[in-house]
1. Inside segment 54-80, can you point out the residues that are open to solvent by 20 Å² or more (accessible area, probe 1.4 Å) and either touching a helix residue (DSSP H, G or I) at 6+ places or on another chain (Cβ under 6 Å) or under 28 Å from K180 (Cα atoms) (or both)?
2. What are the pairs with Cβ atoms under 8 angstrom where one residue, in segment 161-185, is under 16 Å from N67 (Cβ atoms) and modelled with pLDDT of 95 or more and the other, located anywhere, is open to solvent by 60 Å² or more (accessible area, probe 1.4 Å) and not in a loop (DSSP other than H, G, I, E, B)? Sequence gap at least six, or different chains.
3. Could you check segment 70-96 and list, in sequence order, the residues that are under 20 Å from K141 (Cα atoms), without any contact (Cβ under 8 Å) to a residue 12 or more places away in the chain and not charged (D, E, K, R)?
4. Considering segment 174-201 alone, what residues qualify as being assigned to a loop (DSSP other than H, G, I, E, B) and either open to solvent by less than 10 Å² (accessible area, probe 1.4 Å) or of a type in the set (V, I, T) (or both)?
5. Does segment 3-19 contain at least one residue that is open to solvent by 10 Å² or more (accessible area, probe 1.4 Å), over 30 Å from P193 (Cα atoms), in contact with a Phe, Trp or Tyr (Cβ under 9 Å, 6 or more places away or on another chain) and in a loop (DSSP other than H, G, I, E, B)?
6. Pull up segment 143-164, narrow it to residues that are over 16 Å from the mean Cα position of the chain (by Cα) and within 20 Å of Q85 (Cβ to Cβ), then point me to the one that is most open to solvent (accessible area, probe 1.4 Å).
7. For segment 231-252, what are the residues that are closer than 20 Å to I38 by Cβ and either buried (at least 23 other Cβ atoms within 10 Å of the Cβ) or among the charged types (D, E, K, R) (or both)?
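The values are calculated or read from the model by the stated rules, or taken from the named source; none is laboratory data. Source: prediction; values computed, not measured. All Cβ positions, glycine included, derive from the backbone under ideal geometry; neighbour counts span all protein chains shown. Ligands, DNA and RNA are stripped out before the accessible areas are found, and what is left, the full protein with its side chains, is counted by its heavy atoms. Shrake-Rupley method; radii C 1.70, N 1.55, O 1.52, S 1.80 Å.
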Amino acid sequence: MARKLIGIDLDHTTLNEAGMISKYTRETLQAAQAEGHIISIITGRPPRLTNAIYQELGLHSPMINFNGALGAIPNQNWRDAYSHQVQRTIVFDLLEQAGDLGVDLVIAEQNQQAWSQQFGVKKLNQKFFPQDNKLKGQLNKANLKTDVNAILLHAIDASKQTEIQNWIQTRYGKENVNVKIWGGDAPVLEVAPAGVAKDTGLQVLQRSYQIAKDDVYAFGDEMNDLEMIEYAGHGVVMQNGNSELKKVANDVTPYTNEQDGLARYIKTIL
């Protein structure tokens, strides 16, 4: 059997609804890797929220973070490692505009580092936001010395997200940034480098490991997976996935993420 490249989203795809990896999924992915297939996490999460899962799975392949903006093998050199970034001047401008935009939290992230600034006293308990003070610093011009992989904005009014998205896209231009609205309950917008999506990482992996397009599989559940689902030779959406995403998929898993749908599907193809 030809070696496969299998790109896996995490939340609501590889992970169950408790955010955990089942024993069955872990053993299935480890067995596939042992057979020589490339198993790569491709996620919107930053490395700080992915490293533990990578280690639990015992993976050796590159990991793609920030929806395609960063590609690396944790704690190793990889000749095809890359990092696409948003200019820090945009971060500073967004800080100045936050009040008028209706944004109460701005986070800038670069690889393992995070900087944040909150406006107001409302406590935000989103798991994707930096909570560990060792991993974050106050977001200001004195502390942020580098361009960043992603900027996250928390909207005070969820109904204003599209308005904020359009304002940011117009102000900085499509040639500089791509603004996405997260799915789910959190009213969060992500400002990413222009022209970057999950298929960016999938294509780098395909070239790096010289995998034929027909041997490229991608698994996801939400619209931030769209580009890699469309690009892969086999774009597979979870049974519990977005109904619009299912329309562009090559296939849909018979089982949900709660039922080990990803692992069961991988068993059928290997």
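1. Let us first name the residues in segment 54-80 that are open to solvent by 20 Å² or more (accessible area, probe 1.4 Å), namely 55-56, 58, 60, 72, 74-80.
G58, A72, P74, D80, listed by residue number.
2. Listed by first residue and then by second, the contacts come to Q165/I181.
3. T89, the sole residue that qualifies.
4. As a first pass, look at segment 174-201 and keep what is assigned to a loop (DSSP other than H, G, I, E, B): 174-176, 182-187, 194-197.
Result: V196, A197.
5. yes
6. Residues of segment 143-164 over 16 Å from the mean Cα position of the chain (by Cα): 143-147, 154-164.
Okay, now just the ones that are also within 20 Å of Q85 (Cβ to Cβ), so 143-147.
Working: N143: 75, L144: 0, K145: 145, T146: 44, D147: 56 Å².
If we take residues in segment 143-164 being over 16 Å from the mean Cα position of the chain (by Cα) and within 20 Å of Q85 (Cβ to Cβ), then K145 is most open to solvent (accessible area, probe 1.4 Å).
7. Quick first cut of segment 231-252, residues closer than 20 Å to I38 by Cβ only: 231-236, 250-251.
Hits for segment 231-252 are A232, G235, V236, D251.
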